[in-house]
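The numbers here are math on the coordinates, done by the rules we state, and not lab data. This one's a predicted model, so the numbers in the text were calculated from it and none came from an experiment. Using ideal geometry, Cβ is built from the backbone for each residue, glycine included, and neighbour counts are taken over all protein chains shown.
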Amino acid sequence: MNRAMLSLMKKDFKGITANRRLFSAILIVPLVLTVFLPSLFIVLIHFAPDDPDFQSLAGMLPQSLQGGSLEMTIAGLVLNYIMPLFFLMIPIMTASVMAASSFVGEKERRTLETLLYSPLSLKQIFRAKVAASFLLSMLVSFLSFFAMLVVVEAELFFLAGGLLLPGASWAAILLLVSPAISLIAVTLIVRRSAKAQSVEESQQGAVFLIVPVILLVTGQFSGVLLVSVWLLLGIGAVCALLAWLLLKSAMGKFTYEMLLK
Amino acid sequence: MLAIALEELTKTYPGGKQAVRQVSLSLEEGEVFGFLGPNGAGKTTTVKLLTGMLRPSAGSCRVFGLDPAAEPEKVHALSGVVTEHAQMYDNLSGMQNLCFYASLFGIPEAEGKRRAAALLRQLDLEEAGERKLGAYSTGMRQKLSLARAMLPGPKVLFLDEPTSGLDPESTQAVNRMIQETAQEMGTTVFLCTHQLRYAQEICTRYGLLEEGRLLAFGTLDGLRASVLPGATLHICAEGMPDGLMARQTGKRTYEMSVNTEEEVPAVVRRIVEAGGAVYSVALKHPSLEDIYFALTGKKEENGHEPCDAVAHEKGF
């Protein structure tokens, strides 16, 4: 990564933060998923009437998942089994917005051609832009995770009088699944960006990534599937492999002629 | 080493449109070359071929010995490009834009700022430098694009209609800057324009293009000699003697064709010796515009390419 590539990445970051519409799009989803949604769950759990059926259902859970009180047990399930899946939407969404803006956005604003006249090769431009989108996505993911942790712990402390530790599933999500899924989203957008004429058109490529996430969330909620750490690690490994393959094939695909069409 | 060399360069687009047809020419370092022709003649396509944005369908081109199709980034490191579609970032100020492009060319931050400030001053954009590009007028944007292209101190400048949208004052400033850059820094300028009069002011050699074909190539004198030899003598006189092949255009004004300026004293002498009074005499050589229309006119009349001979004779 040379200085020119770093300054291209810096410019892309600045482009996103300076654009109020894009920046708010990047902020709203994490805020809803990491602040609003967990708060809603915690408040609902706290004010839900004590149902003996529900208590006996919670009693059937393995000992490791029992959290002292019923409220803490359910909050633990929500934090460590439901929220990680919702959380996957954040890297997909952030990476999509950033990649679409930095590739097709440049095309739309007619700044791509100027960039192509620089001494950076197409591969270097591609790498810098993928890296910028990936890094922003990771930054937003980590910040969202810490924001969620602060909000959830504070709410639990005041409402239930205790604290909850995030489970191992969060490590798998943050360190493997999120990065891999971000890269897939970025690469899919970038691959489409050669032909796409608008930001919206290019984002369609990453939309279907949301589908498996929704299936996982539904499976988890309905009890059809229990997304364990091992399953997350497996999904993460497959996604990382797929991201690497997609990235490699996309790198050699571009020509100036194709991009300027 | 030749700065730019085109050999039988041809570009056919996927739809079958032949934008550039077997164009051959070569330019020395430090030349200001005017690549002239109407819109759609193939000028922009040629610039894109020379900068590696397009690959030739046949033939080849070289920029300082480099093949743009094979090593585009090396060609870009030597060149500055201004085209209508190469815009800059609206969310950055003029200064920030220039500093960003300087960093892409590997220019250290402080040096980039210094060069950017100097160029902004030269192009009368000093005050606008801190303003966001979104607030710039078309002319200001065009001038900033020129500053961007000149920023890395390129060995070759590809300028596609650099003065479109500029007022006469700005056009003059830009012209001066292009000429100074070529003279002082030895930069080769490949200037595409359809404004023939503007080109005549600053170019040292010309290539006239129509429908992708190079009609003529050479210096203005060379083109005059090949296409429209001779000149028109404009005379304001009274008592014009009979037998002088002059056409009357006004009460006291006449014009006649002469082959060389050596004929002028003899014409004046004849009028005076016949008892006439000469008020003014002006010898007008054909302009680029005259040459261009003569070339395209001839082509229509004869239905063949009269200027291939000119192109070959003068260019290669």
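Shape class for region B:149-274: prolate, because the ratio a/c of the largest to smallest gyration tensor axis (alpha-carbon atoms, square roots of eigenvalues) is 1.5 or more and a/b beats b/c.
Close amide-amide hydrogen proximity is noted between B:VAL20 and B:LYS11, each under 5 Å apart and 5 or more residues distant or on a separate chain (H modeled in the peptide plane; Pro and chain starts excluded). Taking the three principal axes of the alpha carbon atoms in region A:136-208, the coordinate ranges are 55, 22, 20 Å, sorted in descending order. Between helix B:109-122 and chain B there is an angle of about 30 degrees, using the helix long axis and the longest principal axis of the Cα atoms. Remark on region B:231-284: hydrodynamic radius 10.8 angstrom, per the Kirkwood mean of 1/r across alpha carbon pairs. With distances taken between every two different alpha-carbon atoms, region B:30-105 has a Kirkwood hydrodynamic radius of 14.3 Å.
For region B:230-246, backbone phi angles converted through the Karplus equation (6.51, -1.76, 1.60; θ = phi - 60°) give residue-by-residue couplings of x, 8, 10, 9, 9, 10, 10, 8, 10, x, 5, x, 5, x, 7, 6, 9 Hz, Gly and Pro being listed as x.
Dividing the mean sequence gap of close Cα pairs (under 8 Å, 6+ apart) by how many residues region B:4-223 holds gives a relative contact order of 30 percent. For chain B, the longest principal axis of the alpha carbon atoms and the long axis of helix B:138-150 meet at an angle near 70°. Beyond 33 Å, what percent of the Cα pairs of chain B remain? Of the Cα pairs, 37 percent sit more than 33 Å apart.
Principal axis analysis of the Cα atoms in region A:73-176 yields extents of 61, 23, 17 Å, listed in decreasing size.
In the neighborhood of B:MET150, defined by Cβ-to-Cβ distances under 11 Å, what is the net charge if each Lys or Arg adds +1 and each Asp or Glu adds -1? Don't skip to the end; give the middle numbers.
On the way: positive: B:ARG115, B:LYS143, B:ARG148; negative: B:GLU180.
That works out to +2.
Computed across region B:211-258, the Kirkwood radius stands at 13.2 Å (inverse of mean 1/r, all Cα pairs).
In the distance distribution for region A:3-259, Cα-Cα pairs more than 34 Å apart total 26 percent.
Cross-link check: pairs A:LYS11/B:LYS11; A:LYS123/B:LYS43; B:LYS17/B:LYS43; A:LYS261/B:LYS155; A:LYS14/B:LYS43; A:LYS253/B:LYS155 evaluated at a Cα-Cα cut-off of 25 Å; pairs beyond the cut-off: A:LYS11/B:LYS11; A:LYS123/B:LYS43; A:LYS261/B:LYS155; A:LYS14/B:LYS43; A:LYS253/B:LYS155.
Which values of log₁₀ I(q)/I(0), to two decimal places, follow from the Debye formula for region B:60-191 at q = 0.13, 0.18 Å⁻¹ with a uniform point scatterer at every Cα? Listed by q, the Debye log ratios stand at -0.51, -0.99. The alpha carbons of region A:1-154 stretch over 70, 28, 22 Å along the principal axes, in descending order.
Subtracting the Cα-Cα distance of A:THR255 and A:ARG109 from their residue separation scaled by 0.36 nm leaves 50.6 nm.
The Cα-based radius of gyration and maximum Cα-Cα distance (Dmax) for region B:104-155 are 11.0, 31 Å.
For chain B, the longest piece that avoids every one of the trypsin sites (Lys or Arg not before Pro) found in DSSP loops with at most 16 other C-beta atoms within 10 Å covers B:132-250. Computed on the Cα atoms alone, the convex hull of the protein assembly as shown gives a volume of 188 cubic angstrom per residue. Close amide-amide hydrogen proximity is noted between B:CYS192 and B:PHE35, B:LEU159, B:ASP160, B:GLU161, each under 5 Å apart and 5 or more residues distant or on a separate chain (H modeled in the peptide plane; Pro and chain starts excluded). Under a Gaussian network description of chain A, with springs only between Cα atoms under 10 Å, the residue in A:ARG191, A:ARG21, A:ARG127 that fluctuates furthest is A:ARG21.
Relative intensity of region B:1-41 on a log10 scale, I(q)/I(0) at q = 0.35 Å⁻¹, equals -1.13, per a Debye sum over C-alpha point scatterers of equal strength in the absence of solvent.
With all projection directions averaged, the alpha carbon convex hull of region A:176-261 covers 6.1 nm². Among residues other than B:SER60 with Cβ under 14 Å from its Cβ, the summed charge is -1 (Lys and Arg +1, Asp and Glu -1).
Rounded to the nearest Hz, the phi-derived 3J(HN,Hα) couplings of region B:61-74 under the Karplus curve 6.51 cos²θ - 1.76 cosθ + 1.60 (θ = phi - 60°) are 9, 9, 10, 6, x, 9, 8, x, 6, 8, 10, x, 5, 6, where x marks glycine and proline. Taking amide H as placed 1.01 Å from N in the peptide plane, B:TYR206 has its amide H under 5 Å from the amide H of B:GLY34, B:GLY218, B:THR219, each at least 5 places away in sequence or on another chain. Sequentially through region B:98-108, phi angles give Karplus couplings (6.51, -1.76, 1.60; θ = phi - 60°) of 4, 5, 5, 5, 4, 5, 5, 8, x, 7, x Hz, Gly and Pro residues having no value and appearing as x.
Among A:208-220, B:225-237, A:106-118, sorting by the average number of other beta carbon atoms lying within 10 angstrom of each residue, highest first, gives A:106-118, B:225-237, A:208-220.
Screening chain A for DSSP H helices whose Cα atoms reach 20 Å or more along their own axis and whose mean Kyte hydropathy is at least 0.5 gives A:89-108, A:122-159, A:178-193, A:229-251. Taking 0.36 nm per residue of sequence separation and removing the Cα-Cα distance, the A:VAL211/A:LEU40 pair yields an extension gain of 59.2 nm. Within the shell of other residues whose beta carbon sits under 13 angstrom from the beta carbon of A:ILE74, the net charge comes to -3, with Lys and Arg scored +1 and Asp and Glu -1. Computed over the alpha-carbon atoms, region B:1-127 gives an Rg to Rh ratio of 1.03, Rh here being the Kirkwood radius from the mean inverse distance.
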